[in-house]
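Comments concern the structure below.
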Amino acid sequence: IFGIKTEKEKKSYTEEEIKTFFDMSSESGIIEEDENRFMNQIFKFSDLEAQDIMVPRTRIRAVPYDAGYRDIIELSQRLGFTRFPVYRKSIDDIVGIIYLKDMIKYKSCPQDFKLSEVMRPPLFILGTKTMSSVQQSMFESHQSIAIIVDEYSGTDGIVTEKDISREIFAMPGDDSLR
């Protein structure tokens with residue numbers, strides 16, 4: 001009305017300006033060094049792609065489609081993992097994910113266990129997908145593991161919620177979340 005602006009102008013800042021703000025705040029003692037490191041890791045995380053933090057295919061521990069109850073339990077006890085990709089012919093032919101918690105009901109009757117009936121459908125993600133997009137896909141599909149595929153649909157690696165947490169929260173050189 002009458003040429004008077006009543007709304008305040010909204011300001012926006014670039015990523016570099018925000019990083020500089022946190023660096024200066026840390027240097028002057030306004031925020032702790034760890035808080036500054038954490039903020040920088042979040043910015044770094046947003047620039048990462050799935051292939052940057054995945055467990056490579058050579059380190060994937062998967063179970064064959066015809067694996068039995070005891071095979072999976074023994075593998076889990078030996079490796080300390082609670083879920084595994086399930087493959088048919090090779091690691092490039094992943095057909096599902098088996099979660100140990102889904103096997104509990106077969107503890108008293110392992111002979112009734114059929115992997116094909118218990119495994120969940122896998123979530124496939126391109127290695128070039130951004131981590132924020134990967135997180136969103138995992139959340140929407142209620143998955144805690146994703147199969148990373150290359151441009152030829154071959155298995156490139158896997159990403160788990162733990163890998164994502166490690167990338168955001170771990171201190172440099174800290175392997176406790178690995």
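The values are calculated or read from the model by the stated rules, or taken from the named source; none is laboratory data. A quick note: this is a predicted structure, and the numbers were derived from the prediction, not measured. Note that we place each Cβ from the backbone using ideal geometry, even for glycine, and neighbour counts take in every protein chain shown. Quick note on the areas: whole protein, heavy atoms, side chains included, nothing else; ligands and nucleic acids left out. Shrake-Rupley method; radii C 1.70, N 1.55, O 1.52, S 1.80 Å.
Could you compute Rg(Cα) / (2.2 N^0.38 Å) for region 38-138, with N its residue count?
1.27
Using θ = phi - 60° and the Karplus form 6.51 cos²θ - 1.76 cosθ + 1.60, what ³J(HN,Hα) does each residue of region 134-142 get, whole Hz, x for Gly and Pro?
Per-residue couplings from phi come out as 4, 4, 4, 4, 5, 4, 5, 9, 6 Hz.
Using a 1.4 Å probe on the protein heavy atoms, what percent of the accessible area of the chain belongs to carbon and sulfur?
Of all accessible area on the chain, carbon and sulfur atoms account for 52 percent.
Using the Karplus curve 6.51 cos²θ - 1.76 cosθ + 1.60 with θ = phi - 60°, work out ³J(HN,Hα) for each residue of region 88-98 in order, rounded to whole Hz, and write x for Gly and Pro.
8, 8, 8, 5, 7, 10, 6, 10, x, 10, 10
In percent, what relative contact order does region 1-158 have, based on Cα pairs under 8 Å that are 6 or more apart in sequence?
The value is 23 percent.
Between residue 97 and residues 5 or more places away or on another chain, which pairs have amide H atoms under 5 Å apart, with H built 1.01 Å from N, and which residues are they?
86, 120
Given the DSSP H assignment, sum -39500 (n - 2.57) over each helix run of at least 4 residues in the chain and divide by its residue total; what's the result at 222 nm in deg cm²/dmol, nearest 500?
It comes out at -10500 deg cm²/dmol, rounded to the nearest 500.
For the chain, report the % of Cα-Cα distances exceeding 22 Å.
Everything past 22 Å amounts to 57 percent.
Against the longest principal axis of the chain, how steep is helix 69-79, in degrees 0 to 90 to the nearest 10, with axes from Cα atoms?
Once rounded, the angle reads 50 degrees.
Among 107/129; 89/162; 19/101; 44/89; 10/162, which pairs are too far apart, with a Cα-Cα distance over 31 Å?
107/129; 19/101; 44/89; 10/162
So how exposed is residue 75, as accessible area in Å² (1.4 Å probe, rounded to 10)?
30
Suppose we flag chymotrypsin sites (Phe, Trp or Tyr not before Pro) only when DSSP calls them loop and at most 16 other Cβ atoms lie within 10 Å. Which is the longest uninterrupted stretch of the chain?
Here the longest run is 82-151.
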